[in-house]
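Below: the structure, in structure tokens.
Values in this text are rule-based calculations from the coordinates and carry no lab data. Model, not experiment: these values are computed from the prediction. For neighbour counting, all protein chains shown are included, and Cβ atoms are generated from backbone atoms with ideal geometry for every residue, glycine included.
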Amino acid sequence: MVESNRDGSVQGTWLRFGLLVALLHGVFVLLVLALLQFDVALAVGVAVGVSIAGGIGITIVALSLR
């Protein structure tokens, strides 16, 4: 577990990380919806690729913040 300190910097870091993930998720959804208007196969490919890359990225960042 993460130990918190008096100034709350650990909680602030996790809060900023969570907000960034939420913002990027919103952009991702809008991108996939826009791509669905043009080509379904491209949208599915982008969704799978970005999901895999995002999951790996989130894992690496979360492990480095611990």
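How compact is segment 9-65 by the rule of thumb for globular proteins, expressed as Cα Rg over 2.2 N^0.38 Å? Each step should come with its number before you reach the end.
Numbers: Rg = 13.8 Å, N = 57, 2.2 N^0.38 = 10.2 Å.
Rounded to two decimals, the normalised Rg is 1.35.
What FRET efficiency do you get for LEU31 and VAL61 if R0 is 22 Å and r is their Cβ-Cβ distance, rounded to the nearest 0.05?
On the way: r = 20 Å, r/R0 = 0.93.
My answer for the efficiency is 0.60.
Between the helical axis of 9-36 and the longest alpha-carbon principal axis of the chain there is an angle of about 0 degrees.
Can you compute the helix-only [θ] at 222 nm over the chain? Use -39500 (n - 2.57) per DSSP H run of at least 4 residues, normalise by all residues, nearest 500 deg cm²/dmol. Write out the running numbers ahead of the final one.
Details: 2 runs with 54 residues, N = 66.
Theoretical 222 nm ellipticity from helices: -29000 deg cm²/dmol.
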